[in-house]
Amino acid sequence: MGLLEHSSVVSDMRIALKLSYIGTRYSGFQVQPDVATVEAVLFDALVESGLIKSPGSARYQSAGRTDRGVHATGQVIAFDTDKPDLAVPRIINSKLPDDVWSWAHAVVGDDFDPRRDAISRVYRYILWGTYDVSSMRSATKVLSGTHDFLNFLTQDGGRSTRRTIQRIDLRVSGNFTILDVIASTFAWHMVRKIATALTMIGSGVRDKDWLEQMLNPAEFEEGLEPAPAHGLILRDVTYENIEWVEDRYAMKRAAENLREHLSWHSVMSEVLKEMQTTMLK
């Protein structure tokens, strides 16, 4: 190969993206046949932008999947591309619907795996209503640490049911109770079932002794329904030694779109309150 030919060869670079999405109209994050998913529209955008030919050839990977109706502000994906200059949020977002967007990117190592390399994942669950917050905070201390969470998950194959919760924070904001759960890995429905358990304790239906029993599934077993999906947000996935470059333009445009969503839902909240008031007369 001559010198000029050699200089024209472009090596692929591995790019990571941070994604946000409103999960309401999607059947989860992971691509599935014949239903709308976040990955499906994402794959279309990456191909249409000329960044990848296919997910497989680009060694596409994600930090994890979220269920139908679950939202995210910090999902992470990675892929190889020979057009790294185009792998920026504002370009990719031009091919995406307004309920899915990227807001930061990073050049990462060739072996970067957004799922296996994650240090921690942060989920937030938003509860509506009034609860005994003191009892709930006491319960979060029981859940922290390493336990067998068999009673707090939906089994997915033969995977281990032991997990380590690094921290659980709980605070009240107006009519809402905000629950943040941080761990290196989570099991299927784990955060939503923890939210259900804490709601039961905060409502006086169960107590801390029951919660301690639930963490001993060899001796005590009780099924829990996962809390509704619409209250759950994948807030962040963290890594070591990644320098994220935030796209301020993309973030501004996303904030403008979200303002429109917020305006609609705020008005609808008042409409529903008015209708409820009428029915309770």
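The values are calculated or read from the model by the stated rules, or taken from the named source; none is laboratory data. Please read all numbers here as calculations on a predicted model, not as lab measurements. Backbone-built Cβ (ideal geometry, glycine too); neighbour counts: all protein chains shown. To get the accessible areas, we keep the full protein, side chains included, count just its heavy atoms, and leave off ligands, DNA and RNA. Shrake-Rupley method; radii C 1.70, N 1.55, O 1.52, S 1.80 Å.
Tabulated data for the structure shown
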{"quantity": "Whichever residue in region 169-193 is over 16 Å from the mean Cα position of the chain (by Cα) and of a type in the set (A, V, I, L, M, F, W, C) and, among such residues, is surrounded by the most Cβ atoms within 10 Å (Cβ to Cβ)", "calculated": "L170"}
{"quantity": "Selection count where residues are buried (at least 18 other Cβ atoms within 10 Å of the Cβ) and either of a type in the set (G, A, S) or without any contact (Cβ under 8 Å) to a residue 40 or more places away in the chain (or both), scope region 107-134", "calculated": "1"}
{"quantity": "Tally, over region 198-255, of residues that are in a loop (DSSP other than H, G, I, E, B), under 25 Å from Q75 (Cβ atoms) and of a type in the set (A, V, I, L, M)", "calculated": "2"}
{"quantity": "Residue, farthest from Y125 (Cα to Cα), within region 218-244, restricted to residues that are touching a helix residue (DSSP H, G or I) at 6+ places or on another chain (Cβ under 8 Å) and buried (at least 17 other Cβ atoms within 10 Å of the Cβ)", "calculated": "L224"}
{"quantity": "Any pair with Cβ under 9 angstrom, 6 or more apart, that starts in region 33-54 at a residue that is at positive phi and of a type outside the set (D, E, K, R) and ends at one that is open to solvent by 30 Å² or more (accessible area, probe 1.4 Å) and in a loop (DSSP other than H, G, I, E, B)", "calculated": "G50/K83"}
{"quantity": "Answer residue from region 245-272, given it is farther than 30 Å from D111 by Cα and touching a residue at least 60 places away in the same chain (Cβ under 8 Å) and is least open to solvent (accessible area, probe 1.4 Å) among those", "calculated": "A254"}
{"quantity": "Output for region 38-51, where each listed residue is surrounded by fewer than 22 Cβ atoms within 10 Å (Cβ to Cβ) and either β-branched (V, I, T) or in contact with a Pro (Cβ under 6 Å, 6 or more places away or on another chain) (or both)", "calculated": "V41, F43, V47"}
{"quantity": "Condition met for S94 (surrounded by fewer than 13 Cβ atoms within 10 Å (Cβ to Cβ) and at pLDDT below 95)", "calculated": "no"}
{"quantity": "Any pair with Cβ under 8 angstrom, 6 or more apart, that starts in region 180-191 at a residue that is on the phi > 0 side of the Ramachandran plot and ends at one that is outside any strand (DSSP E or B) and surrounded by fewer than 21 Cβ atoms within 10 Å (Cβ to Cβ)", "calculated": "H189/D67; H189/T154; H189/P226"}
